[in-house]
Structure formats: C-alpha cells, structure tokens
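The values are calculated or read from the model by the stated rules, or taken from the named source; none is laboratory data. Owing to the predicted nature of the structure, the values given are computational and were not obtained by experimental measurement. Virtual Cβ from ideal backbone geometry, glycine too; neighbours counted across all protein chains shown.
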Amino acid sequence: MDQFLNDLPKAELHLHLEGSLEPELMFALAERNGIALPYSAVDQLRQAYNFANLQEFLDLYYQGAAVLLTEQDFYDLTWAYVERCKAQNILHIEPFFDPQTHTDRGIPFATVISGISRALQQAETEYGISSGLIMCFLRHLSEDAAFETLQQAEPYLDQIIGIGLDSSEKGHPPAKFERVFAKVRNMGLLTVAHAGEEGPAQNVIDALDILKVDRIDHGVRAIDDPQLIKRLAEEKVALTVCPLSNTRLKVFDDMSQHNILQMLEQGVKVTVNSDDPAYFGGYLTENFIALEKGLGMTQEQAVELARNSFEYSFAKKERKEELFALLDRHCVAR
Ligand code: ADE
Ligand code: ZN
C-alpha cells in the first residue's frame, strides 16, 4: 500500500514553500549567508518542532525563513520541493509563498518571485510537473499592507495564478480582507483562504460569502456546522486538508480523530496536502500513509482523494484531462 500511495499520480494544492525548508537546507543557507541560527545543529532544531498550537509553529516558521536572502536561495528552496514531488509522483502543484515575510526584511519582491518561478519553470521542462503559484497575504498584518503587497506583485502577475490568506487565524477573520479580495477578484485572479483550521466554522462561511474564495484551505472545523457541510458538498467547494499538520498543531489529538474521511463520505470535495512538510514530519505520500495507518483509508478512497486533487486544481481543462488519464492508467495497471 505504501508503494501504491507513493506512485499514485496526485496534485498538491496546499503547500507553503517556506514550510518546505528542511533543517539541513536552513543550516546550509545560514552558513552561505553568514547568518547565525539560535541552534547548534540540525537535530537540535528538529527537536524544537514540538508545537502546542498554530502560533507556536508560526513563530519558528518565520524565524526559519530569515535565512532566505538571494534569488538563488529561493530557487534552491523551491527546487528541493520539486525534487520531492518528482520522487512522490506529484504531477501538478499550486504552492504558496508569503512575500511579506521577506519584503518586511528588506528582500525585494523581485528576488523572491524570480527564484521561485525559475525553479517552477524548470520543473515543467525537466519533469513535466505543471504548476500555478499562489501568493498569500499574512492575515496578522493589516489590509493596507496586503494592498501594498498586491501593488508590488503587479509586474509579475503573469507568474501568479491566485491569491491566498494565511498566518494566525484567531483574531484575524476573513472580513478584515474584504476590500483587497474584491480587488484581487476584479483583477481576474483566483482566490483561496485558510479558514476553519483553528478558527470556527463561521470563518469558512465568511471566506465563501465575504471573500468569495474559489477554495478553502483546511476547513476542518466546518464539521461543527451540519448545514455548512451540506452546502460545501452541494456547491462542490473543495477543501485542501492537511492531516499531519492538523495533528502536529493539535487541531486533532491524533490521526484516529481526524475528520477527512468522514467529510469525504458526506460528499465534501476534500483533498490531501502537506502544508509545511519540513515542520510536520512528511510530504504528500507520508500524509496519505498516515491516513491509511490512522484512519484505515482504503485504496478506493485514496484514488478518490487523488482525483479530487486534479479536479479541484486550477489547472487548465486540457491538463486536467491528461492528469485524469494518468490516474486511470495507474489504477488499471495495478
Ligand atoms: N502558514 C504556514 N502554514 C500555515 C498554517 N497551517 N496555517 C496558517 N498559516 C500558515
Ligand atoms: Zn497552510
């Protein structure tokens, strides 16, 4: 089964590039850039990855990202993730990046996006991995700061497929970003938002009704509102669920408590994703394996989850057809 899950053709729709920064690369970049880390070795850093909640993780995640300075650094970060995708038969990716984490440290927006885009282009030409880059606003910062970031992104909009909203959910509800999301939608960009991760089901409703997003990131707290679950299923609103993230950040006590398969059975268009794999103990295959081990996910359910990842991606119709065909071939070949 583990080999089946690894080789299963799949897409990843919820992955923060900064969250794919492995401790080894963090140390290498710190040394290359002459930055001192408050840890003496990789093992010590990994031991610090013990989180009681989202905020404890975010504090380390932003600290870690401070080793990224040059275009080459952003390329190396992204390329390392692409290599993982190649190894796990991930054929389409829609990674997130948080420009404000870098521009607030004086790194030019151009440096960040150039390195990321160069690696994503190479993923396409060298490995045939298609992608769409999603730029996230940090919700603990102001809406004005989001508008400013959008302005900085304007020369690069051909390299961005959509806009997302991440960081601390508690105290920063969707409504705070109503105006900037309206502008983004008017510009023809697709939209997603983290909602119902640590925050209530109401945040999922507000992300849909106020921000009018095309997909919800996480959304697991929707389970508290049966009417909302019904709506998500009826309107085919996809949720990008991140099982290992949710257990590492204590959204669920352990994997046996996770509700992804329950939502799948209720007709919600859920997908599996790794969120911040360098911090949460695994990439996409490891998330699928965790669902098999912790929840008894069947092969049929795994295939349905993989199919959802293609169907609810932002890939063009023709690309989706190719991806479905590859999935069908994999299932027949077994
Ligand atoms: N940024 C990176 N990972 C995140 C998560 N799981 N929730 C909110 N913001 C994030
Ligand atoms: Zn996330």
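Considering (1) crowded, with 23+ Cβ neighbours inside 10 Å; (2) within 22 Å of GLN72 (Cα to Cα); (3) within 14 Å of ligand 1 (Cβ to nearest atom), the lone condition that VAL112 does not fulfil carries the number (3). Please find, within segment 282-304, the residue that is surrounded by the fewest Cβ atoms within 10 Å (Cβ to Cβ) out of those that are in contact (Cβ under 8 Å) with a residue 60 or more places away in the chain and of a type outside the set (Val, Ile, Thr). Per the stated criteria, the residue is GLN299. Among the residues of segment 48-57, just one is out of contact with any Asp or Glu (no Cβ under 7 Å at 6 or more places or on another chain) and crowded, with 20+ Cβ neighbours inside 10 Å, namely PHE57. Inside segment 1-37, residues that are crowded, with 22+ Cβ neighbours inside 10 Å, over 16 Å from CYS136 (Cβ atoms) and within 16 Å of ligand 1 (Cβ to nearest atom) make up a count of 1. From the residues in segment 182-195 that are in contact with a helix residue (DSSP H, G or I) (Cβ under 8 Å, 6 or more places away or on another chain) and more than 12 Å from ligand 2 (Cβ to nearest atom), which one is nearest to ASN246 (Cα to Cα)? Result: THR191.
Determine if segment 245-257 includes at least one residue that is surrounded by fewer than 18 Cβ atoms within 10 Å (Cβ to Cβ), within 24 Å of GLY199 (Cβ to Cβ), within 16 Å of ligand 1 (Cβ to nearest atom) and modelled with pLDDT of 95 or more. Scanning segment 245-257 turns up at least one residue that is surrounded by fewer than 18 Cβ atoms within 10 Å (Cβ to Cβ), within 24 Å of GLY199 (Cβ to Cβ), within 16 Å of ligand 1 (Cβ to nearest atom) and modelled with pLDDT of 95 or more. When VAL42 is tested against (1) away from ligand 1 (no atom under 16 Å from the Cβ); (2) among the β-branched types (Val, Ile, Thr); (3) buried (at least 20 other Cβ atoms within 10 Å of the Cβ), exactly one condition is not met: (3).
Could you check segment 319-334 and list, in sequence order, the residues that are part of a helix (DSSP H, G or I), over 10 Å from LYS10 (Cα atoms) and touching a residue at least 24 places away in the same chain (Cβ under 8 Å)? Across segment 319-334, the qualifying residues are ARG319, HIS330, CYS331. Within segment 1-27, being within 16 Å of ligand 2 (Cβ to nearest atom), farther than 26 Å from GLN47 by Cβ and charged (D, E, K, R) holds for one residue alone: GLU12. Being in contact with a Ser or Thr (Cβ under 6 Å, 6 or more places away or on another chain), within 20 Å of VAL213 (Cβ to Cβ), touching a residue at least 24 places away in the same chain (Cβ under 8 Å) and more than 16 Å from ligand 2 (Cβ to nearest atom) is a property that HIS92 has.
Within 21 Å of SER167 (Cβ to Cβ), out of contact with any Lys or Arg (no Cβ under 9 Å at 6 or more places or on another chain), modelled with pLDDT of 95 or more and surrounded by fewer than 16 Cβ atoms within 10 Å (Cβ to Cβ) - does that describe any residue in segment 88-105? Yes, the conditions are met somewhere in segment 88-105. Within segment 28-63, restricting attention to residues that are over 21 Å from ASN246 (Cα atoms) and in contact with a Leu (Cβ under 7 Å, 6 or more places away or on another chain), the residue that is farthest from ligand 2 (Cβ to nearest atom) is ASN33. Here GLY199 meets each of (1) surrounded by fewer than 17 Cβ atoms within 10 Å (Cβ to Cβ); (2) without any contact (Cβ under 8 Å) to a residue 40 or more places away in the chain; (3) within 16 Å of ligand 1 (Cβ to nearest atom) with one exception, condition (1).
Mind checking which residues of segment 128-167 are touching a residue at least 60 places away in the same chain (Cβ under 8 Å) and surrounded by fewer than 18 Cβ atoms within 10 Å (Cβ to Cβ)? Within segment 128-167, ILE161 is the sole residue that qualifies.
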